[in-house]
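The values are calculated or read from the model by the stated rules, or taken from the named source; none is laboratory data. Only a predicted model underlies this, so the values are computations on that prediction, with no experimental measurement involved. Quick reminder, even Gly has a Cβ in these numbers, built from the backbone with ideal geometry, and neighbours come from all protein chains shown.
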């Protein structure tokens, strides 16, 4: 089983426990090529592409200029560096080395800049959403840039797993980078909904955090078969069997809105 997560815009590059293991990221040449394109963008270009403020554009322009494509042994482990809503649920900094080793085998993080990350892969600070239309020699978007590379790597990473299912806990924007034609693995997608006054709806913050919490549940319980995730019951969520299908699993909870 491979659980796939989105990255986060918010980052935490405080030094982690130095005894924790770290690995070198993959797609080294792809990221180096992408960094050269990103480095050529002006502050105005980045502001327009990402829909961000001038201050954020200045920050990310500096990040791209400072990026060292050959420095594979510097940076912070990806699961520890990302600090958005999903990663509040995952809380990777509180996991011990054994738990992180399990995560390394069973969790993948999609990235517009790095392609596909393992939790312990070192990354440098960046911001590059998958959905932006950054032109490269491969096309007019990052979806064009990554093509079928991410799917092919997922196929490889699933080899040897008792259950080769991909559990999609990523956003639509990011899972769109997984080429369905090249992916040779079954996919299931959990959805997290809030019930109140007889109505059920998705609330972004809660849904994002629940994705990370489910990943944490899989790590702590050492879950290796996707079907076993149906037992997820943290933070009040329960599987709604009637609303779920074979490929879309609906988890609901009451009274949180």
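In the range 137-159, of all residues being over 24 Å from residue 104 (Cβ atoms), in contact (Cβ under 8 Å) with a residue 12 or more places away in the chain and assigned to a helix (DSSP H, G or I), the one that is farthest from the chain's Cα centre (by Cα) corresponds to 145. Any residue in the range 41-48 that is surrounded by fewer than 20 Cβ atoms within 10 Å (Cβ to Cβ) and over 24 Å from residue 134 (Cα atoms)? So far as the range 41-48 goes, no, none of its residues is surrounded by fewer than 20 Cβ atoms within 10 Å (Cβ to Cβ) and over 24 Å from residue 134 (Cα atoms). Screening the candidates 79, 69 for the property of being surrounded by 14 or more Cβ atoms within 10 Å (Cβ to Cβ), within 16 Å of residue 109 (Cα to Cα) and in contact (Cβ under 8 Å) with a residue 12 or more places away in the chain yields one hit, 79.
Determine whether residue 80 is assigned to a loop (DSSP other than H, G, I, E, B) and under 20 Å from the mean Cα position of the chain (by Cα). So residue 80 fails the test.
Okay, residues lined up against (1) surrounded by fewer than 16 Cβ atoms within 10 Å (Cβ to Cβ); (2) in a helix (DSSP H, G or I):
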position	(1), (2)
207	no, yes
213	no, yes
216	no, yes
219	no, yes
228	yes, yes
235	no, yes
243	yes, no
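Checked against (1) surrounded by fewer than 21 Cβ atoms within 10 Å (Cβ to Cβ); (2) in contact with a strand residue (DSSP E or B) (Cβ under 8 Å, 6 or more places away or on another chain); (3) at pLDDT 95 or above; (4) not in a loop (DSSP other than H, G, I, E, B), residue 195 meets all criteria but (3).
Give the number of residues within the range 9-55 that are part of a loop (DSSP other than H, G, I, E, B) and within 18 Å of the chain's Cα centre (by Cα).
Filtering the range 9-55 for residues part of a loop (DSSP other than H, G, I, E, B) gives 9-10, 12-22, 24-27, 40-42, 51-53.
When the remaining residues are screened for being within 18 Å of the chain's Cα centre (by Cα), the result is 9-10, 12-13, 22, 24-27.
Looking only at that region, the number is 9.
Against the numbered list (1) on the phi < 0 side of the Ramachandran plot; (2) crowded, with 18+ Cβ neighbours inside 10 Å, residue 62 comes up short only at (2).
Taken as a whole, the condition of being in contact with a strand residue (DSSP E or B) (Cβ under 9 Å, 6 or more places away or on another chain) and over 28 Å from residue 229 (Cα atoms) applies to residue 147. Selection of first residues in the range 15-30 that are at pLDDT 95 or above and of second residues that are surrounded by fewer than 13 Cβ atoms within 10 Å (Cβ to Cβ), restricted to Cβ pairs under 7 Å at least 6 apart or on distinct chains, gives the following pairs, ordered by first then second residue: 24/73.
The residues in the range 231-246 that are under 23 Å from residue 85 (Cβ atoms) and touching a residue at least 12 places away in the same chain (Cβ under 8 Å) can be counted, and the count is 8.
Yes or no, residue by residue, for (1) touching a strand residue (DSSP E or B) at 6+ places or on another chain (Cβ under 9 Å); (2) more than 25 Å from residue 161 (Cα to Cα); (3) in contact (Cβ under 8 Å) with a residue 60 or more places away in the chain:
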site	(1), (2), (3)
86	yes, no, yes
94	no, yes, no
101	no, no, yes
109	yes, no, yes
115	no, no, yes
120	yes, no, yes
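Assuming residue 27 fulfils every condition listed in (1) within 18 Å of residue 112 (Cα to Cα); (2) loosely packed, with under 12 Cβ neighbours inside 10 Å; (3) touching a helix residue (DSSP H, G or I) at 6+ places or on another chain (Cβ under 9 Å) apart from one, which condition is it? Every condition holds for residue 27 apart from (2).
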